[in-house]
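Presented below is the structure to which this report refers.
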Amino acid sequence: MGFSFAVWNVEKFKYLPQRVRAVGQMIANHNPDVIGILEFLDKEAARRLVRSEHLSDYDFAFTDSVRSIEILVGWRRGVFDQVLYTQRRELQVGNIHLRPGGLLSVLPKQQDSFTNFLFLHTDSGKDPQAFANRKLMFDKIWSLRERLAALPEQGGEARLITLGDLNTMGQTNESTAAQEIAALEQAALANGMRVLPKTHTHTWSSDGKRMSNLDHVIASSELRFKLQDPAPAEVLVDGWVNRVGAERINFVKNISDHSLLFGELR
């Protein structure tokens, strides 16, 4: 039996009642069984959102670092037989100012192996250090896949899904965003994973006009996903990308400049 998941960078999320309502409603529209919400800067915003009517049937964990609450990870009660959460500090690649990953391992009912969700928000920037940090963080994904696949209960299958804001923006004077994404796709394939195709190429916008492809879902090759419209997309992109004109600009300004990613396992 499959289940659904979503991830969304809500962009420097601070407490405003209307923003909490809008974010909660957007998540509820997709009704995911697993959710990762990135970039909380305000603990009150986190408290208000997890207590809202939209997310009342979820339990939550979070990453915690010098950046305060960074990622909220939620799972719907009653869907899974077992849920494990670990904060993966190796994703900080030795830099306390980078964000740890949040690993949620869920055991669906009537299944023997866990499906593992690594929620990740990588280093941002085009400077050489940020670019190098992202490469190191991506390498940690491949290492984690190997370790998960080696666990006796996994039967040789990592069943790993890495998802979030991977900040694939290239390196100044060295590589473009498209080249960094192509390199990520090649590295994923070489390590038993693949970057899932999305319904929209661009997931981030500063003003509703300038756009970038920053948010991705990378999955172990053994996993299968329902197709989204239009096929062959396996990840639905929602948010400012589905709005036009003033509505798009308002969404970027007042809700988030990133789009929500949604998928369903078969």
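The values are calculated or read from the model by the stated rules, or taken from the named source; none is laboratory data. What you see is a predicted model; the values in this text were computed from it and never measured. Note: ideal-geometry Cβ built from the backbone for every residue, glycine included; neighbour counts use all protein chains shown. What goes into the accessible areas is simple: the full protein's heavy atoms, side chains included, and nothing from ligands, DNA or RNA. Shrake-Rupley method; radii C 1.70, N 1.55, O 1.52, S 1.80 Å.
State yes or no: is Ser212 at pLDDT below 95 and among the hydroxyl-bearing types (Ser, Thr, Tyr)?
Answer is no for this residue.
Does segment 198-209 hold any residues that are within 15 Å of Ala178 (Cα to Cα) and surrounded by fewer than 16 Cβ atoms within 10 Å (Cβ to Cβ), and which are they?
Thr201
Filter segment 231-266 down to residues that are under 25 Å from Arg21 (Cβ atoms) and in a loop (DSSP other than H, G, I, E, B) and give me whichever is nearest to the chain's Cα centre (by Cα).
Applying the filter and picking the extreme gives Ser259.
Considering only segment 106-133, state which residues are surrounded by fewer than 21 Cβ atoms within 10 Å (Cβ to Cβ) and not hydrophobic (A, V, I, L, M, F, W, C).
Pro108, Lys109, Gln110, Gln111, Asp112, Ser113, Ser124, Gly125, Lys126, Asp127, Pro128, Gln129, listed by residue number.
Filter segment 253-266 down to residues that are more than 15 Å from Ile27 (Cα to Cα) and at pLDDT 95 or above and give me whichever is surrounded by the fewest Cβ atoms within 10 Å (Cβ to Cβ).
Checking each candidate, the answer is Leu265.
Scan (1) of a type in the set (Lys, Arg); (2) open to solvent by 60 Å² or more (accessible area, probe 1.4 Å); (3) more than 23 Å from Ala150 (Cβ to Cβ) for the single condition Arg89 breaks and write down its number.
Arg89 satisfies all of (1) of a type in the set (Lys, Arg); (2) open to solvent by 60 Å² or more (accessible area, probe 1.4 Å); (3) more than 23 Å from Ala150 (Cβ to Cβ) except (3).
May I ask you to list pairs of residues, at least six apart or on different chains, whose Cβ atoms are under 6 Å apart, with the first in segment 140-166 being under 23 Å from Leu236 (Cα atoms) and the second being assigned to a helix (DSSP H, G or I)?
Leu160/Arg145; Leu160/Leu148; Thr162/Ile141
Return only the number of the condition from (1) open to solvent by 20 Å² or more (accessible area, probe 1.4 Å); (2) out of contact with any helix residue (DSSP H, G or I) (no Cβ under 7 Å at 6 or more places or on another chain); (3) modelled with pLDDT of 95 or more; (4) not aliphatic (A, V, I, L, M) that Glu153 does not satisfy.
Going through (1) open to solvent by 20 Å² or more (accessible area, probe 1.4 Å); (2) out of contact with any helix residue (DSSP H, G or I) (no Cβ under 7 Å at 6 or more places or on another chain); (3) modelled with pLDDT of 95 or more; (4) not aliphatic (A, V, I, L, M) one by one, Glu153 breaks only (3).
Is it the case that Leu189 is of a type in the set (A, V, I, L, M, F, W, C) and within 24 Å of Gln92 (Cβ to Cβ)?
No; evaluated as a whole, the condition is false for this residue.
With (1) open to solvent by 30 Å² or more (accessible area, probe 1.4 Å); (2) in a strand (DSSP E or B); (3) under 16 Å from Gly263 (Cα atoms) as the list, and Glu11 as the residue in question, which single condition is left unmet?
For Glu11, the failing item is (3).
For Val20, only one of the following conditions fails: (1) of a type outside the set (D, E, K, R); (2) at pLDDT below 95; (3) surrounded by 19 or more Cβ atoms within 10 Å (Cβ to Cβ); (4) in contact with a strand residue (DSSP E or B) (Cβ under 8 Å, 6 or more places away or on another chain). What is its number?
(4)
What residue, among those in segment 61-97 that are closer than 23 Å to Phe131 by Cα, among the aliphatic types (A, V, I, L, M) and touching a strand residue (DSSP E or B) at 6+ places or on another chain (Cβ under 6 Å), is modelled with the highest pLDDT?
Among residues in segment 61-97 that are closer than 23 Å to Phe131 by Cα, among the aliphatic types (A, V, I, L, M) and touching a strand residue (DSSP E or B) at 6+ places or on another chain (Cβ under 6 Å), the one modelled with the highest pLDDT is Leu91.
When the residues of segment 23-60 are narrowed to those that are in contact with a strand residue (DSSP E or B) (Cβ under 9 Å, 6 or more places away or on another chain) and loosely packed, with under 15 Cβ neighbours inside 10 Å, which ends up modelled with the lowest pLDDT?
Looking at residues that are in contact with a strand residue (DSSP E or B) (Cβ under 9 Å, 6 or more places away or on another chain) and loosely packed, with under 15 Cβ neighbours inside 10 Å, I get Lys43.
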